[in-house]
Amino acid sequence: MNKSKAFVLLVGESTKHLHKYVGWEIDLAIELGLPIIVVNLNNHFGLDSDNCPAKIRSACAVHIPFKLAAIRHALVSWPAEFRGLSQAKKASGALQYSEGLRSQWLAEKE
């Protein structure tokens, strides 16, 4: 992960229970200061507290639905956006994209 530009975490129904490996990957991504993209497999917009692992809930990460357009956008945009955030903004935790972007993602055919 040292050469990674971002960390993508797929979150499904059982993800929050996978403490050993998922927890280690989350800790390493945070330690390395990687931009974190949380992809909700249930297409939830924003932080899905029912399925998201506790370790990532308060981390500076963007939470998106499992939509090709959303994933593409986050992979292209989030690393630069993350690096441009102040320490205070990074400390504020989970982030999500605007309603306008969400509407675009829903309108795109996959």
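Annotation note: of Phe82, Phe45, the sole residue that is surrounded by fewer than 19 Cβ atoms within 10 Å (Cβ to Cβ) and either in contact with a Pro (Cβ under 6 Å, 6 or more places away or on another chain) or within 15 Å of Val8 (Cα to Cα) (or both) is Phe45. Could you pull out the residue among Ile64, Ile56 that is buried (at least 20 other Cβ atoms within 10 Å of the Cβ), among the β-branched types (Val, Ile, Thr), assigned to a helix (DSSP H, G or I) and under 11 Å from the mean Cα position of the chain (by Cα)? Within the list Ile64, Ile56, the selection yields Ile56. Scanning the stretch 85-110 for residues being crowded, with 18+ Cβ neighbours inside 10 Å, of a type outside the set (Gly, Ala, Ser) and modelled with pLDDT of 85 or more gives a total of 2. Would you check which residues across the stretch 40-58 are within 24 Å of Ala88 (Cα to Cα) and in contact with a strand residue (DSSP E or B) (Cβ under 7 Å, 6 or more places away or on another chain) and list them? Result: Phe45, Gly46, Leu47, Asp48, Cys52, Ile56. If you go through the stretch 75-109 and pick out every residue that is part of a helix (DSSP H, G or I) and touching a residue at least 40 places away in the same chain (Cβ under 8 Å), you end up with 8. Among the conditions (1) in a loop (DSSP other than H, G, I, E, B); (2) surrounded by fewer than 17 Cβ atoms within 10 Å (Cβ to Cβ); (3) in contact (Cβ under 8 Å) with a residue 24 or more places away in the chain, Lys3 misses just one, which is (3). Scanning the stretch 21-46 for residues that are under 12 Å from the mean Cα position of the chain (by Cα), within 19 Å of Leu85 (Cα to Cα) and either of a type outside the set (A, V, I, L, M, F, W, C) or not in a helix (DSSP H, G or I) (or both) yields Leu34, Pro35, Ile36, Ile37, Val38, Gly46.
The values are calculated or read from the model by the stated rules, or taken from the named source; none is laboratory data. From a predicted model like this one, the values you see are computed outputs, not experimental measurements. Cβ coordinates were reconstructed from backbone atoms using ideal geometry, including for glycine residues, and neighbour counts include every protein chain displayed.
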